[in-house]
1. For the stretch A:71-85, in order, what is each residue's ³J(HN,Hα) by Karplus, 6.51 cos²θ - 1.76 cosθ + 1.60 with θ = phi - 60°, in whole Hz (x at glycine and Pro)?
2. Between B and A, buried accessible area summed over both sides at probe 1.4 Å, in Å² to the nearest 100?
3. Report, to the nearest 10°, how far helix B:342-357 tilts away from the longest principal axis of the Cα atoms in chain B, using its own Cα long axis and a range of 0 to 90°.
4. Relative contact order for the stretch B:335-486: what percent, with Cα pairs under 8 Å and sequence separation of 6 or more?
5. Once both labels are modelled 7 Å past Cα along the beta-carbon direction, what's the residue A:106-residue B:122 spacing in nm?
6. Suppose all protein chains stay in the model; what accessible area per residue would a 1.4 Å probe give for chain B, in Å²?
7. Could you work out the longest stretch of chain A that avoids the trypsin sites (Lys or Arg not before Pro) located in DSSP loops with at most 15 other Cβ atoms within 10 Å?
8. Would you work out if the stretch B:311-357 is rounded, prolate or oblate? Take a ≥ b ≥ c from the square roots of the eigenvalues of the alpha-carbon gyration tensor; rounded if a/c is under 1.5, else prolate when a/b is larger than b/c, oblate otherwise.
Amino acid sequence: MKTILVVDDKERIRRTYNSVFTKEGYRVLEASNADEANDVVTSNKIDLMLLDIEMPDVNGTILYDVTKLFRKDLNIIVSSVYSLDDQRFLIKNADDYFDKSEGIKVLKEKVSRALSNGKHKKDETGGGHENRFDDAG
Amino acid sequence: MRFNSIRFKASVLYSTIQIIILVVFSAVVFFSVRAMLYHDLNQDLKIKAEEVAGILSAYQQVQRVKEYPVRQILGILKGEGAAASQKMIIDELWRSQLEVLNLKNDFINILNINGRAVLSSNNFKKNVEDLFKKQFPFVQNDVIYKTLTSEGYQLRAINLPIKFYDSPLVIQIGTPVESISNILDGLLAFMIVTVIAFLLLTSFVGRIFVEDALRPVREVSDLANSISYKDLNQRIEEKEIDVEMKQLVTSFNSMINRLAQSFGHINEFSSYAAHELKTPLAIMRGEIELALEEDKTTEYYKNLLNGCLEEIDHMIKVIKDLLLLAKLDYKPEIFKFEKLALVPFLDEIYEHSKVLAETKKIKVRKDFPQKEIILNADKVHLRRLFFNILSNAIKFTPSRGSIDIKIALREAKCFIDITDTGKGISKGNLKRVFDKFFRVSDAQQQEESSVGLGLNIALSIAEAHGGKINVRSNLQQGTTFTVALPLA
């Protein structure tokens with residue numbers, strides 16, 4: 001079972017996405033800020049992160065850089081109310097970008113595409129994803 | 001070149017001044033030279049006339065005959081030579097004198113008291129005689145100079161009265177002014193050519209100077225034309241230009257600076273505003289889409305609708321606050337300033353905040369001086385300022401904490417401190433408390449509907465009153481907001 005981490009300071013967003021992806025058959029974890037997200041990533045096997053940008057204290061751009069430092073192959077979809085262009089400007093080279101006002105149908109598509117690409121990526125690198133995570137842990 | 005351009009006006013002004021100066025200068029030179037030449041000619045004529053008179057008296061002394069010299073001179077002047085051989089020496093003297101005085105081209109006429117010519121030179125023909133009669137009637141007692149003009153030639157003439165054998169005579173001598181006219185004509189022509197050449201040269205050079213002086217104006221307008229909101233970082237170089245132009249360029253550059261700043265603010269602001277308004281929409285959309293995926297219980301739908309209502313309320317609040325903020329910052333006429341007694345005004349606010357703080361059992365204390373403090377203020381907006389700060393303080397102060405309101409007076413200003421015993425604001429966040437839509441994470445969790453514009457609105461109101469708001473904070477001890485307002 002794939003695990004998705006939803007990082008968002010808005011509780012109702014987390015709750016909605018949790019319901020959506022739980023129903024889709026994923027394991028869903030939540031984090032309301034960068035510190036929590038960091039804890040979850042280091043202590044759980046995460047396949048995909050839905051990352052909000054605008055968060056109090058430490059924002060998503062910093063969390064992205066920090067996470068990518070030790071989890072290069074983690075799928076991260078930036079999820080914000082900023083326009084897609086602005087998101088691409090703020091965080092470069094993310095696996096995908098999602099405008100929260102696009103609706104959950106689009107989100108589901110982007111998540112499943114990212115995860116199948118991720119699987120592909122993992123196969124290519126010979127399962128380095130999991131091993132590397134274990135090493136890091 | 002357009003007629004209503006500064007370049008044209010400057011050139012015309014420059015050329016006009018040049019023309020006036022050159023023409024006046026040339027005229028002064030011309031007339032001085034002319035006067036000088038005529039003065040010399042007059043002197044010459046006078047010397048000639050006096051010499052003629054002298055020779056007449058010399059003959060008189062030698063001959064002691066009344067009639068002789070006149071006839072002699074007449075003969076000599078007529079070129080007949082001396083009649084008597086014993087007078088040869090004197091005749092020779094006379095002839096040589098004629099050479100020296102250069103009288104050959106002059107017209108000599110000697111008149112008696114009745115105005116009748118007693119003696120004339122050979123060349124004193126009918127036309128010359130008429131000219132003299134017409135334009136230069138003899139005057140018995142005065143030395144007179146005059147220029148006689150006839151077709152084709154001009155004469156300068158002298159009228160000199162003398163005594164001859166106790167009877168008065170008048171010597172009139174006319175000399176052609178050809179030489180002087182030639183000099184003056186030459187001078188005039190030279191001056192006209194010089195003035196025109198000088199004018200052409202200076203107007204050309206002047207034009208270059210004017211163009212150079214006005215170059216920054218063109219640069220300013222070119223740049224102004226080329227600037228759009230996308231490239232507000234362009235500036236005109238300020239070095240090597242005149243003081244007046246520097247002022248223009250500096251003002252222009254600082255205007256662009258202000259525009260760039262305003263655009264920056266608007267950009268930032270609209271991006272924030274879009275974010276603030278899109279978030280509740282995203283939440284509602286997600287929740288509604290999720291609810292529509294399958295049938296739910298009535299309770300579920302009720303919760304959903306209540307949640308949507310909350311988000312709608314929040315959006316309305318955001319929009320209201322944004323509109324207010326825009327008004328505070330860009331419509332100063334909404335402020336109605338009047339004399340306001342600060343202590344009774346804050347007493348009222350203090351009483352209200354006690355009621356608001358009661359639910360969290362927060363103690364509100366006041367420390368107001370017992371004297372009259374008068375401000376020039378808009379009561380309605382100032383009340384909003386203090387309530388925004390106080391509701392913030394109540395929000396961040398834990399139950400059974402306290403809030404102090406204190407007034408202090410310094411340097412024609414009053415300082416109102418509002419101190420809470422909340423958990424304080426970190427140094428990094430302290431700089432951002434007046435940023436639009438800034439919220440510290442705790443507030444987020446405690447109260448979802450916080451808009452994040454309250455302190456911004458408070459600051460705008462303080463600034464409209466000529467005041468400001470400072471904040472200092474110690475973590476775990478509390479925060480003090482100080483509102484500084486000028487006294488009336």
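The values are calculated or read from the model by the stated rules, or taken from the named source; none is laboratory data. It should be emphasised that the depicted structure is a prediction, and the values quoted were computed from it without experimental measurement. Neighbour counts are summed over all protein chains in view; Cβ atoms, including those assigned to glycine, are modelled from backbone coordinates with ideal geometry. Surface areas here come from the heavy atoms of the whole protein model, side chains and all, with no ligands, DNA or RNA. Shrake-Rupley method; radii C 1.70, N 1.55, O 1.52, S 1.80 Å.
1. Per-residue couplings from phi come out as 10, 3, 9, 6, 6, 10, 9, 6, 10, 8, 8, 5, 5, 4, 4 Hz.
2. Details: alone 29740 and 7430 Å², together 35040 Å².
Between B and A, the summed buried area is about 2100 Å².
3. That works out to roughly 30 degrees.
4. 24
5. A separation of 12.5 nm, rounded to one decimal place.
6. That works out to 59 Å² per residue.
7. Counting at most 15 other Cβ atoms within 10 Å as exposed, the longest clean stretch of chain A is A:93-137.
8. Judged from the Cα gyration tensor, the stretch B:311-357 comes out oblate (a/c at least 1.5, b/c at or above a/b).
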